[in-house]
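The structure appears right after this line, and notes come after that.
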Amino acid sequence: MSQQEVTTLAPTLTPMVVVEGVHRSFGSGAQAVHALRGVSFEVRRGELTALKGRSGSGKTTLLNVVGGLDTPTGGTVRLDGTDLAELDETGLLALRRDRIGFVFQSFGLIPVLTAAENVGVPMRLGKVPAQQREERVRTLLALVGLTEHADQRPGELSGGQQQRVAVARALANDPALIIADEPTGQLDSETGRSIMRLLRAVVHSEGVTVLVATHDPALMELADRVVELRDGHIVE
């Protein structure tokens with residue numbers, strides 16, 4: 001391999017997410033709840049990493065900390081080289097809008113908007129020009145297999161279709177990272193697998209990194225790597 005090739009490839013080897021010694025406690029004194037206890041792990045760039053653990057293990061808290069939705073009590077979180085502790089609220093808002101896409105268990109779609117309009121919401125917030133926004137919406141709906149459902153509202157779609165809209169919306173601003181918290185929790189097993197396969201395909205087609213929390217062993221098989229969280233600790 002030439003020196004030029006080494007220089008070109010090196011940046012892709014750096015982790016997308018680096019979590020070091022992260023603690024997160026709620027409350028104080030004897031009543032304090034320690035959700036995260038010195039968590040350290042990395043999410044590699046361009047991979048689908050599954051975070052597994054029982055209910056109450058700290059998965060959602062960890063996802064919120066990585067996504068800049070919550071502030072750790074201690075430790076550091078770096079996203080694509082940026083230390084989240086160095087960002088003020090405006091900086092965190094821009095980070096969540098421009099560099100992170102979120103997919104939730106409850107879909108989180110706006111009921112009065114069509115599928116296309118829901119996908120376009122992040123781009124409206126980012127003041128993307130109308131023509132560019134419409135083209136991106138069409139591309140993303142095609143990616144998730146919902147071109148023919150663009151004008152339907154969430155209530156007219158199945159659960160699996162709604163989650164596909166949510167995945168398309170998460171991709172709207174071309175994020176570096178998608179965080180998905182139990183995205184198949186409200187779906188039957190086969191539909192859940194189809195959503196996980198979609199996330200798997202997104203990693204390849206969009207070049208995005210995905211961190212997904214799940215407790216379903218069948219879905220973990222589709223991940224590049226599985227990280228287990230137990231009682232606020234990473235289990236090696």
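Each row is one residue, and each column tells you yes or no for (1) over 17 Å from ARG97 (Cβ atoms); (2) assigned to a loop (DSSP other than H, G, I, E, B).
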position: GLU148; (1), (2): yes, no
position: GLN152; (1), (2): yes, yes
position: GLY160; (1), (2): yes, no
position: GLN163; (1), (2): yes, no
position: ALA168; (1), (2): no, no
position: ALA172; (1), (2): no, yes
position: PRO175; (1), (2): no, yes
position: PRO183; (1), (2): yes, yes
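Of everything in the stretch 195-214 that's part of a helix (DSSP H, G or I) and hydrophobic (A, V, I, L, M, F, W, C), which residue is farthest from PHE102 (Cα to Cα)?
Of everything passing the filter in the stretch 195-214, ALA201 is farthest from PHE102 (Cα to Cα).
If the Cβ limit is 7 Å and pairs must be 6+ apart or interchain, which residue in the stretch 210-236 that is on the phi > 0 side of the Ramachandran plot pairs with which residue that is part of a loop (DSSP other than H, G, I, E, B) and at pLDDT below 90?
Cβ pairs passing all conditions: ASP231/SER57.
In a helix (DSSP H, G or I) and over 16 Å from ALA218 (Cα atoms): does that describe GLY192?
Spelling it out, it is not the case that GLY192 is in a helix (DSSP H, G or I) and over 16 Å from ALA218 (Cα atoms).
Suppose we keep only residues that are among the polar types (S, T, N, Q) and free of Cβ contacts under 8 Å to residues at least 60 places away in the same chain within the stretch 151-176. Which one would you say is surrounded by the most Cβ atoms within 10 Å (Cβ to Cβ)?
Once the filter is applied, the top-ranked residue is GLN162.
All but one of (1) in a strand (DSSP E or B); (2) modelled with pLDDT under 95; (3) within 30 Å of ALA218 (Cα to Cα); (4) among the small types (Gly, Ala, Ser) hold for SER25; state the number of the condition that does not hold.
Result: SER25 fails condition (3) only.
Return the pairs, sorted by first residue and then second, in which the second residue is surrounded by 23 or more Cβ atoms within 10 Å (Cβ to Cβ) and hydroxyl-bearing (Ser, Thr, Tyr), the first residue lies in the stretch 47-76 and is under 15 Å from THR184 (Cα atoms) and in contact (Cβ under 8 Å) with a residue 60 or more places away in the chain, the beta carbons are less than 6 Å apart, and the residues are 6+ apart or on different chains.
So the pair list comes out as ALA50/THR214.
Can you find a residue in the stretch 80-102 that is of a type in the set (Ser, Thr, Tyr), under 25 Å from ALA201 (Cβ atoms) and assigned to a strand (DSSP E or B)?
no
The values are calculated or read from the model by the stated rules, or taken from the named source; none is laboratory data. If you're wondering where the values come from, they're calculated on a predicted model, not measured in any experiment. In this analysis, Cβ positions are derived from the backbone assuming ideal geometry, glycine residues included, and neighbour counts consider all displayed protein chains.
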